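What follows is a short report on a single structure.
The values are calculated or read from the model by the stated rules, or taken from the named source; none is laboratory data. Computed from a predicted structure; not experimentally measured. A quick note on method: Cβ atoms are made from the backbone with ideal geometry, for glycine too, and the neighbour counts reach across all protein chains shown.
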Amino acid sequence: MDTSPGQPEYSAEPNLSWINVGLALSFILFDVALSSVLRLGIERPLITSSIRCVIQLGLASTLLQKVFDAKNPWAVAAIVCLLNVLGTFEVVVNKSKKRHPHMFISTLVGLALSNIPVGVLGSRFAMSNDPFWDPRQFIPIVGMLCGSTISGVVVSSTYILREFRQVDNSDKVEMYLAFGATRWEACKSMSVETLRVSLMPTINQMSVLGIISIPGMMTGALLGGASVERAAKLQMIIMFMISASNALGCILTTVMTLSILIDGDSRVRADRIDSRPHAVWRIRSALWLKVVTLARENIPWMATPKTVAPASYTLS
């Protein structure tokens, strides 16, 4: 706890049990009821996301406690790699509606080369952590950077893939390429707009901090017993790091996406954009269809009732 002369002592945080979590779950149940009444159709996603939240945070707390106690840099590195891999999976499999070849690798490289260097430099120099990989500091930092960068990467990837799908934009890029422009010159306006759209949420978030909203990092520090001044400084540092990580991640993924959609012969390859559901979901749907088909063939009460053709009568 952060205490200094002239500052009051902060009381210890209250003990939280699963009963408290269950009481907080009533807010989700209220949303489910509201969705049902208004027929919004989001009851299932709300319940599924809530269950995922409880399971994921429960597993994460158990795993992170072991890493915190071990204080092993290799364990910290493994957790950081796991965060980036899971973040990439979330972007490519769950969030993106359109994809391109090698999107998993390019997204993973974009995430890793943005949040890890920013996290290392920010932890060591901006936050004065020695060593920089102190698990109680470094893992939450990289987690916040990775989570924020994911949002920017999803926006940038979705935007540029959608723009290439439009015939007018593809024709314009092809015209520039035909006149001898490089792929970067031909896509300059599209790239600039992509980065502007993907970075604007972070800019808007920074503009309202402290006046309209008290962000999560500052709230967590205050609940943990830190002084208001220290919590505010930590939030400033984190927001500046998030801004840098988000910008790096969006730039890297945009550049790699352009290098795939325009090949080495300066041809626009809109055919490389895949609008189908990800292979994971296609495999799941095929397996589920196979299970249902087998169940209907072997379980009597699940069998599809046979339709009986109406009898035909002949008038005499």
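For the structure I just gave you, tell me whether Ser227 is of a type in the set (Ser, Thr, Tyr) and in contact with an Asp or Glu (Cβ under 9 Å, 6 or more places away or on another chain).
Taking the combined requirement at face value, the residue satisfies it.
Contact list please: Cβ distance under 7 Å, first residue in region 17-41 and more than 19 Å from Ser61 (Cβ to Cβ), second residue of a type in the set (Val, Ile, Thr) and not in a helix (DSSP H, G or I), pairs at least six apart or on different chains.
Ser35/Ile42
Restricting to region 278-294, name every residue that is among the aliphatic types (A, V, I, L, M) and more than 22 Å from the chain's Cα centre (by Cα).
Ile283, Ala286, Leu287, Leu289, Val291, Val292, Leu294
Just to be sure, is Arg52 more than 28 Å from Leu222 (Cβ to Cβ) and either loosely packed, with under 14 Cβ neighbours inside 10 Å or modelled with pLDDT of 90 or more (or both)?
For Arg52, the condition - more than 28 Å from Leu222 (Cβ to Cβ) and either loosely packed, with under 14 Cβ neighbours inside 10 Å or modelled with pLDDT of 90 or more (or both) - is not met.
Please go through region 95-107 and give me each residue that is aliphatic (A, V, I, L, M) and either within 18 Å of Trp281 (Cβ to Cβ) or surrounded by 21 or more Cβ atoms within 10 Å (Cβ to Cβ) (or both), ordered by number.
The answer is Met103, and nothing else.
Which numbered condition trips up Asn115, out of (1) polar (S, T, N, Q); (2) surrounded by fewer than 19 Cβ atoms within 10 Å (Cβ to Cβ); (3) assigned to a helix (DSSP H, G or I)?
In the conditions (1) polar (S, T, N, Q); (2) surrounded by fewer than 19 Cβ atoms within 10 Å (Cβ to Cβ); (3) assigned to a helix (DSSP H, G or I), Asn115 misses (2) alone.
Does Phe138 count as touching a Gly at 6+ places or on another chain (Cβ under 9 Å), surrounded by 15 or more Cβ atoms within 10 Å (Cβ to Cβ) and not in a helix (DSSP H, G or I)?
On the way: touching a Gly at 6+ places or on another chain (Cβ under 9 Å): yes; surrounded by 15 or more Cβ atoms within 10 Å (Cβ to Cβ): yes; not in a helix (DSSP H, G or I): no.
Spelling it out, it is not the case that Phe138 is touching a Gly at 6+ places or on another chain (Cβ under 9 Å), surrounded by 15 or more Cβ atoms within 10 Å (Cβ to Cβ) and not in a helix (DSSP H, G or I).
In region 264-284, what residues are among the small types (Gly, Ala, Ser), closer than 13 Å to Ser96 by Cβ and either in contact with a strand residue (DSSP E or B) (Cβ under 9 Å, 6 or more places away or on another chain) or part of a loop (DSSP other than H, G, I, E, B) (or both)?
Residue satisfying the conditions is Ser275 alone.
Among the hydrophobic types (A, V, I, L, M, F, W, C), surrounded by 14 or more Cβ atoms within 10 Å (Cβ to Cβ) and either touching a strand residue (DSSP E or B) at 6+ places or on another chain (Cβ under 9 Å) or not in a helix (DSSP H, G or I) (or both), is that true of Val92? Before the answer, list the steps.
Numbers: among the hydrophobic types (A, V, I, L, M, F, W, C): yes; surrounded by 14 or more Cβ atoms within 10 Å (Cβ to Cβ): yes; either touching a strand residue (DSSP E or B) at 6+ places or on another chain (Cβ under 9 Å) or not in a helix (DSSP H, G or I) (or both): yes.
Yes.
Consider Ser245 carefully, then state whether it is among the hydroxyl-bearing types (Ser, Thr, Tyr), surrounded by 15 or more Cβ atoms within 10 Å (Cβ to Cβ), within 24 Å of the chain's Cα centre (by Cα) and within 24 Å of Leu161 (Cα to Cα).
On the way: among the hydroxyl-bearing types (Ser, Thr, Tyr): yes; surrounded by 15 or more Cβ atoms within 10 Å (Cβ to Cβ): yes; within 24 Å of the chain's Cα centre (by Cα): yes; within 24 Å of Leu161 (Cα to Cα): yes.
Judged against the criteria, Ser245 is a match.
Please work out if Ser123 is modelled with pLDDT of 90 or more, closer than 20 Å to Lys233 by Cβ, among the hydroxyl-bearing types (Ser, Thr, Tyr) and part of a helix (DSSP H, G or I).
yes
Is it the case that region 79-93 has a residue that's in contact with a Ser or Thr (Cβ under 9 Å, 6 or more places away or on another chain), modelled with pLDDT under 95 and within 30 Å of Ser26 (Cβ to Cβ)?
No, every residue in region 79-93 fails to be in contact with a Ser or Thr (Cβ under 9 Å, 6 or more places away or on another chain), modelled with pLDDT under 95 and within 30 Å of Ser26 (Cβ to Cβ).
Of the numbered conditions (1) within 21 Å of the chain's Cα centre (by Cα); (2) surrounded by fewer than 14 Cβ atoms within 10 Å (Cβ to Cβ); (3) not small (Gly, Ala, Ser), Val228 fails exactly one; give the number of that condition.
Val228 satisfies every listed condition except (1).
The rows are residues; the columns are (1) assigned to a loop (DSSP other than H, G, I, E, B); (2) closer than 27 Å to Thr219 by Cα; (3) modelled with pLDDT of 90 or more.
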residue: Asp2; (1), (2), (3): yes, yes, no
residue: Pro5; (1), (2), (3): yes, yes, no
residue: Pro14; (1), (2), (3): yes, yes, no
residue: Asp31; (1), (2), (3): no, yes, yes
residue: Leu40; (1), (2), (3): yes, no, no
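Given the conditions (1) free of Cβ contacts under 8 Å to residues at least 40 places away in the same chain; (2) touching a strand residue (DSSP E or B) at 6+ places or on another chain (Cβ under 6 Å), report the number of the one that Arg196 does not fulfil.
(2)
Can you name every residue in region 159-218 that is in a loop (DSSP other than H, G, I, E, B), under 25 Å from the mean Cα position of the chain (by Cα), surrounded by 13 or more Cβ atoms within 10 Å (Cβ to Cβ) and of a type in the set (A, V, I, L, M)?
Of everything in region 159-218, just one residue is in a loop (DSSP other than H, G, I, E, B), under 25 Å from the mean Cα position of the chain (by Cα), surrounded by 13 or more Cβ atoms within 10 Å (Cβ to Cβ) and of a type in the set (A, V, I, L, M), namely Ile214.
Hey, could you check region 118-135 for residues that are under 24 Å from the mean Cα position of the chain (by Cα) and free of Cβ contacts under 8 Å to residues at least 60 places away in the same chain and say which is surrounded by the fewest Cβ atoms within 10 Å (Cβ to Cβ)? Show your work before the answer.
Here is the first cut: in region 118-135, the ones under 24 Å from the mean Cα position of the chain (by Cα) are 118-123, 133, 135.
Imposing the further condition that a residue be free of Cβ contacts under 8 Å to residues at least 60 places away in the same chain reduces the set to 120-121, 123.
On the way: Val120: 17, Leu121: 14, Ser123: 22.
Result: Leu121.
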